[in-house]
Amino acid sequence: MLYSPACDRNAAPILAVLRQWLPAGGAVLEVGSGSGQHGVAFTRQLAQLIWQPSERSEGVGPLQERIDAEGAEHAAPGSRLLPAMALDVLEAHAWPAGPYNAVFSANTAHIMGEPAVAAFFNGSAGVLAPGGLLLLYGPFCDNGVHTAESNAAFDAHLRSIDPAMGVRDSRDLIQLAKGKGLEPVADLPLPANNRVLIWRRQP
Ligand SMILES: C[S@@+](CC[C@H](N)C(=O)[O-])C[C@H]1O[C@@H](n2cnc3c(N)ncnc32)[C@H](O)[C@@H]1O
(Lines give C-alpha, C1' and ligand atoms only; values in the text may rest on other atoms or scores of the structure.)
Protein backbone atom coordinates (compact mmCIF):
# COMPACT_ATOMS: atom_id res chain seq x y z
CA MET A 1 0.00 0.00 0.00
CA LEU A 2 1.27 3.51 -0.77
CA TYR A 3 2.33 5.40 2.35
CA SER A 4 3.26 9.07 2.74
CA PRO A 5 4.99 10.11 5.99
CA ALA A 6 4.09 13.74 5.14
CA CYS A 7 0.38 12.85 5.23
CA ASP A 8 0.80 11.52 8.76
CA ARG A 9 2.40 14.82 9.79
CA ASN A 10 0.05 17.21 8.03
CA ALA A 11 -3.31 15.45 8.54
CA ALA A 12 -3.97 16.96 12.00
CA PRO A 13 -3.26 20.59 11.05
CA ILE A 14 -5.31 20.23 7.85
CA LEU A 15 -8.11 18.61 9.83
CA ALA A 16 -8.27 21.67 12.09
CA VAL A 17 -8.82 23.82 8.99
CA LEU A 18 -11.48 21.49 7.60
CA ARG A 19 -13.32 21.48 10.95
CA GLN A 20 -13.54 25.22 10.78
CA TRP A 21 -14.40 25.62 7.10
CA LEU A 22 -16.34 22.61 5.80
CA PRO A 23 -20.12 22.78 6.03
CA ALA A 24 -21.79 20.03 8.09
CA GLY A 25 -23.01 17.19 5.89
CA GLY A 26 -20.80 18.19 2.99
CA ALA A 27 -19.64 16.26 -0.07
CA VAL A 28 -15.97 16.79 -0.90
CA LEU A 29 -14.06 15.91 -4.07
CA GLU A 30 -10.35 15.31 -3.42
CA VAL A 31 -8.02 15.75 -6.40
CA GLY A 32 -4.72 13.83 -6.52
CA SER A 33 -5.42 11.71 -3.43
CA GLY A 34 -2.16 9.73 -3.71
CA SER A 35 -2.00 7.20 -0.86
CA GLY A 36 -5.56 7.99 0.31
CA GLN A 37 -4.41 8.68 3.88
CA HIS A 38 -6.11 12.08 4.01
CA GLY A 39 -9.54 10.71 3.09
CA VAL A 40 -9.21 7.96 5.70
CA ALA A 41 -8.09 10.39 8.42
CA PHE A 42 -10.74 13.00 7.71
CA THR A 43 -13.73 10.64 7.42
CA ARG A 44 -12.69 9.17 10.79
CA GLN A 45 -12.63 12.55 12.47
CA LEU A 46 -15.43 14.54 10.83
CA ALA A 47 -19.06 13.45 11.02
CA GLN A 48 -21.51 13.57 8.10
CA LEU A 49 -18.71 13.85 5.56
CA ILE A 50 -18.91 12.26 2.11
CA TRP A 51 -15.35 12.13 0.73
CA GLN A 52 -14.69 11.32 -2.93
CA PRO A 53 -10.98 10.50 -3.50
CA SER A 54 -9.56 10.62 -7.02
CA GLU A 55 -6.31 10.00 -8.87
CA ARG A 56 -4.92 9.77 -12.36
CA SER A 57 -5.81 6.34 -13.80
CA GLU A 58 -2.42 4.79 -12.98
CA GLY A 59 -2.86 5.80 -9.33
CA VAL A 60 -6.40 4.51 -8.85
CA GLY A 61 -5.36 0.90 -8.03
CA PRO A 62 -2.97 1.78 -5.19
CA LEU A 63 -5.41 4.39 -3.87
CA GLN A 64 -8.26 1.85 -3.86
CA GLU A 65 -6.05 -0.60 -1.92
CA ARG A 66 -6.04 1.74 1.06
CA ILE A 67 -9.75 2.46 0.74
CA ASP A 68 -10.47 -1.28 0.71
CA ALA A 69 -8.20 -1.87 3.71
CA GLU A 70 -9.11 1.11 5.88
CA GLY A 71 -12.00 3.01 4.33
CA ALA A 72 -14.88 1.48 6.22
CA GLU A 73 -13.12 1.17 9.60
CA HIS A 74 -13.86 3.70 12.32
CA ALA A 75 -15.72 6.11 10.04
CA ALA A 76 -17.31 8.94 12.02
CA PRO A 77 -21.14 8.89 12.24
CA GLY A 78 -22.68 9.52 8.85
CA SER A 79 -19.30 9.75 7.08
CA ARG A 80 -18.27 7.72 4.06
CA LEU A 81 -15.09 7.31 2.07
CA LEU A 82 -16.24 6.54 -1.48
CA PRO A 83 -14.42 4.29 -3.99
CA ALA A 84 -11.54 5.94 -5.86
CA MET A 85 -12.46 7.83 -9.02
CA ALA A 86 -10.18 8.22 -12.05
CA LEU A 87 -9.58 11.93 -12.59
CA ASP A 88 -6.79 13.59 -14.52
CA VAL A 89 -7.52 17.30 -14.23
CA LEU A 90 -6.41 17.79 -17.85
CA GLU A 91 -9.22 15.57 -19.14
CA ALA A 92 -12.31 17.78 -19.17
CA HIS A 93 -14.64 14.78 -19.65
CA ALA A 94 -13.24 13.02 -16.57
CA TRP A 95 -14.50 15.61 -14.09
CA PRO A 96 -17.62 14.41 -12.26
CA ALA A 97 -20.86 16.33 -12.56
CA GLY A 98 -20.97 17.45 -8.92
CA PRO A 99 -22.12 19.59 -7.30
CA TYR A 100 -19.69 19.32 -4.39
CA ASN A 101 -19.62 21.49 -1.30
CA ALA A 102 -15.83 21.54 -1.48
CA VAL A 103 -12.85 20.50 -3.57
CA PHE A 104 -9.71 19.62 -1.59
CA SER A 105 -6.23 18.95 -2.88
CA ALA A 106 -2.91 18.54 -1.04
CA ASN A 107 0.60 18.88 -2.41
CA THR A 108 -0.53 18.70 -6.02
CA ALA A 109 -0.06 22.20 -7.50
CA HIS A 110 3.76 21.95 -7.47
CA ILE A 111 3.61 18.53 -9.15
CA MET A 112 1.16 19.55 -11.87
CA GLY A 113 2.48 21.55 -14.79
CA GLU A 114 1.00 25.01 -15.34
CA PRO A 115 -1.66 23.81 -17.85
CA ALA A 116 -2.79 21.23 -15.31
CA VAL A 117 -2.94 23.84 -12.54
CA ALA A 118 -5.16 26.00 -14.78
CA ALA A 119 -7.30 22.94 -15.59
CA PHE A 120 -7.54 22.21 -11.86
CA PHE A 121 -9.07 25.63 -11.19
CA ASN A 122 -11.35 25.40 -14.21
CA GLY A 123 -12.60 21.92 -13.31
CA SER A 124 -12.99 22.77 -9.61
CA ALA A 125 -15.10 25.82 -10.40
CA GLY A 126 -17.27 23.63 -12.63
CA VAL A 127 -18.04 21.01 -9.97
CA LEU A 128 -18.50 23.32 -6.96
CA ALA A 129 -21.95 24.28 -5.78
CA PRO A 130 -22.49 28.04 -5.55
CA GLY A 131 -20.84 29.10 -2.29
CA GLY A 132 -18.70 25.92 -2.29
CA LEU A 133 -15.06 26.02 -1.22
CA LEU A 134 -11.81 25.14 -2.95
CA LEU A 135 -9.06 24.28 -0.44
CA LEU A 136 -5.51 23.86 -1.69
CA TYR A 137 -2.76 22.72 0.70
CA GLY A 138 0.97 22.95 0.04
CA PRO A 139 3.95 25.32 -0.18
CA PHE A 140 3.38 28.56 -2.10
CA CYS A 141 5.46 31.66 -2.82
CA ASP A 142 4.21 35.26 -3.04
CA ASN A 143 5.12 37.58 -5.91
CA GLY A 144 8.07 35.32 -6.71
CA VAL A 145 9.39 35.37 -3.14
CA HIS A 146 9.61 32.13 -1.19
CA THR A 147 8.35 32.20 2.37
CA ALA A 148 11.19 29.96 3.61
CA GLU A 149 14.62 28.81 2.51
CA SER A 150 13.40 25.21 2.60
CA ASN A 151 10.65 26.03 0.09
CA ALA A 152 13.18 27.70 -2.23
CA ALA A 153 15.36 24.59 -2.07
CA PHE A 154 12.35 22.35 -2.68
CA ASP A 155 11.35 24.48 -5.69
CA ALA A 156 14.86 24.23 -7.18
CA HIS A 157 14.87 20.48 -6.57
CA LEU A 158 11.51 20.01 -8.33
CA ARG A 159 12.57 22.12 -11.32
CA SER A 160 15.83 20.17 -11.63
CA ILE A 161 13.82 16.94 -11.94
CA ASP A 162 11.23 18.42 -14.32
CA PRO A 163 11.09 22.07 -15.37
CA ALA A 164 7.28 21.80 -15.57
CA MET A 165 7.08 21.27 -11.80
CA GLY A 166 7.65 23.93 -9.18
CA VAL A 167 6.24 25.75 -6.17
CA ARG A 168 3.36 27.92 -7.40
CA ASP A 169 2.89 31.62 -6.74
CA SER A 170 -0.20 32.47 -4.69
CA ARG A 171 -0.69 35.62 -6.83
CA ASP A 172 -0.84 33.55 -10.04
CA LEU A 173 -3.30 31.14 -8.45
CA ILE A 174 -5.52 34.00 -7.29
CA GLN A 175 -5.50 35.40 -10.86
CA LEU A 176 -6.35 31.98 -12.32
CA ALA A 177 -9.16 31.50 -9.83
CA LYS A 178 -10.58 34.97 -10.39
CA GLY A 179 -11.28 34.14 -14.02
CA LYS A 180 -13.31 31.14 -12.88
CA GLY A 181 -15.57 32.91 -10.40
CA LEU A 182 -13.57 31.82 -7.35
CA GLU A 183 -13.07 34.49 -4.70
CA PRO A 184 -10.11 34.16 -2.30
CA VAL A 185 -11.37 33.97 1.28
CA ALA A 186 -8.44 32.68 3.37
CA ASP A 187 -4.70 32.07 3.35
CA LEU A 188 -3.84 30.04 6.43
CA PRO A 189 -0.29 29.26 7.62
CA LEU A 190 0.32 25.63 8.54
CA PRO A 191 3.42 23.88 9.96
CA ALA A 192 6.55 23.32 7.87
CA ASN A 193 5.99 26.48 5.80
CA ASN A 194 2.89 25.11 4.15
CA ARG A 195 -0.43 26.90 3.76
CA VAL A 196 -4.05 26.26 2.95
CA LEU A 197 -5.40 28.65 0.34
CA ILE A 198 -9.19 28.82 0.24
CA TRP A 199 -11.54 30.19 -2.42
CA ARG A 200 -15.33 30.44 -2.46
CA ARG A 201 -17.34 29.81 -5.61
CA GLN A 202 -19.40 32.92 -6.37
CA PRO A 203 -23.15 32.32 -6.23
C1 LIG B 1 2.94 14.76 -4.06
S2 LIG B 1 1.56 13.81 -4.54
C3 LIG B 1 0.37 14.25 -3.29
C4 LIG B 1 -0.55 13.13 -2.99
C5 LIG B 1 -1.49 13.38 -1.79
N6 LIG B 1 -2.45 14.41 -2.07
C7 LIG B 1 -0.70 13.72 -0.57
O8 LIG B 1 -0.89 14.80 -0.01
O9 LIG B 1 0.11 12.89 -0.16
C10 LIG B 1 0.98 14.65 -5.99
C11 LIG B 1 -0.25 14.01 -6.59
O12 LIG B 1 -0.72 14.83 -7.68
C13 LIG B 1 -1.27 13.97 -8.63
N14 LIG B 1 -1.37 14.64 -9.94
C15 LIG B 1 -0.36 15.12 -10.69
N16 LIG B 1 -0.83 15.57 -11.86
C17 LIG B 1 -2.17 15.35 -11.86
C18 LIG B 1 -3.21 15.57 -12.80
N19 LIG B 1 -2.96 16.07 -14.01
N20 LIG B 1 -4.47 15.24 -12.45
C21 LIG B 1 -4.74 14.70 -11.22
N22 LIG B 1 -3.78 14.45 -10.30
C23 LIG B 1 -2.52 14.77 -10.62
C24 LIG B 1 -0.28 12.80 -8.66
O25 LIG B 1 -0.86 11.67 -9.25
C26 LIG B 1 0.05 12.64 -7.19
O27 LIG B 1 -0.78 11.70 -6.55
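The values are calculated or read from the model by the stated rules, or taken from the named source; none is laboratory data. In this text, all values refer to a predicted model and were calculated from it rather than measured experimentally. No Cβ is skipped: glycine too gets one built from the backbone with ideal geometry, and neighbour counts run over all protein chains shown. Surface areas here come from the heavy atoms of the whole protein model, side chains and all, with no ligands, DNA or RNA. Shrake-Rupley method; radii C 1.70, N 1.55, O 1.52, S 1.80 Å.
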Item to check | Asp169 - accessible surface, heavy atoms, 1.4 Å probe, Å² rounded to 10 | outcome: 20 Å²
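Under the classification rounded if a/c is under 1.5, otherwise prolate if a/b is larger than b/c and oblate if not, where does the range 44-189 fall, given a ≥ b ≥ c as square roots of the Cα gyration tensor eigenvalues? Walk me through the numbers on the way to the answer.
On the way: a/c = 1.66, a/b = 1.44, b/c = 1.15.
It is prolate, given that a/c is not under 1.5 and a/b is the larger ratio.
When the solvent-accessible surface of protein heavy atoms is calculated with a 1.4 angstrom probe, in what order do Glu149, Glu70 fall, highest first?
Numbers: Glu149 145, Glu70 50 Å².
Ranking Glu149, Glu70 by accessible area, largest first, yields Glu149, Glu70.
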Item to check | Glu65 - accessible surface, heavy atoms, 1.4 Å probe, Å² rounded to 10 | outcome: 100 Å²
Checklist entry - Taking a ≥ b ≥ c as the square roots of the eigenvalues of the Cα gyration tensor of the range 134-188, is the shape rounded (a/c under 1.5), prolate (a/b larger than b/c) or oblate? => result prolate
Next on the checklist: Along the Cα→Cβ direction, 7 angstrom out, place labels at Ala24 and Tyr3. What is the inter-label distance in nm?
Outcome noted: 3.7 nm
Next on the checklist: Tell me the accessible surface of Glu58 in square angstrom (1.4 angstrom probe, heavy atoms of protein chains only), to the nearest ten.
Outcome noted: 130 Å²
Checklist outcome for this item: Measuring from its Cα centre, the chain shows a charge dipole (+1 at each Lys and Arg Cβ, -1 at each Asp and Glu Cβ) which, in debye to the nearest 20, is 580 debye
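Using a 1.4 angstrom probe on the protein heavy atoms only, could you order Thr43, Thr147 from most to least accessible area? Provide the component values of the computation, followed by the final result.
Working: Thr43 0, Thr147 70 Å².
My answer, sorted largest first, is Thr147, Thr43.
Run the numbers on the range 26-89 and let me know its relative contact order in percent, using alpha-carbon pairs under 8 Å that are six or more apart. Show your work: numbers first, answer last.
On the way: 131 pairs, mean separation 26.4, N = 64.
After rounding, I find 41 percent.
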Next on the checklist: For the chain, take the longest principal axis of its alpha carbons; what is the angle in degrees between that and the long axis of helix 149-161, to the nearest 10 within 0 to 90?
Outcome noted: 90 degrees
Next on the checklist: Quick check: the distance between the Cα centres of the range 1-78 and the range 130-202, to the nearest angstrom?
Outcome noted: 21 Å
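Below 8 Å between Cα atoms, with a sequence gap of 6+, how large is the relative contact order for the chain in percent?
Values: 394 pairs, mean separation 37.1, N = 203.
Over the chain, the number comes to 18 percent.
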Checklist entry - Once every DSSP H run of n ≥ 4 in the chain is given -39500 (n - 2.57) and the sum is divided by its residues, what mean residue ellipticity at 222 nm do you get, rounded to the nearest 500 deg cm²/dmol? => result -12000 deg cm²/dmol
Checklist entry - Spin-label point model (7 Å from Cα, Cβ direction): what's the Asp187 to Ile111 distance in nm? => result 2.5 nm
Checklist entry - Over the range 1-116, what relative contact order in percent results from Cα pairs under 8 Å that are six or more residues apart? => result 30 percent
Checklist outcome for this item: Of His93, His74, ordered by accessible area with the largest first and a 1.4 Å probe, the sequence is His93, His74
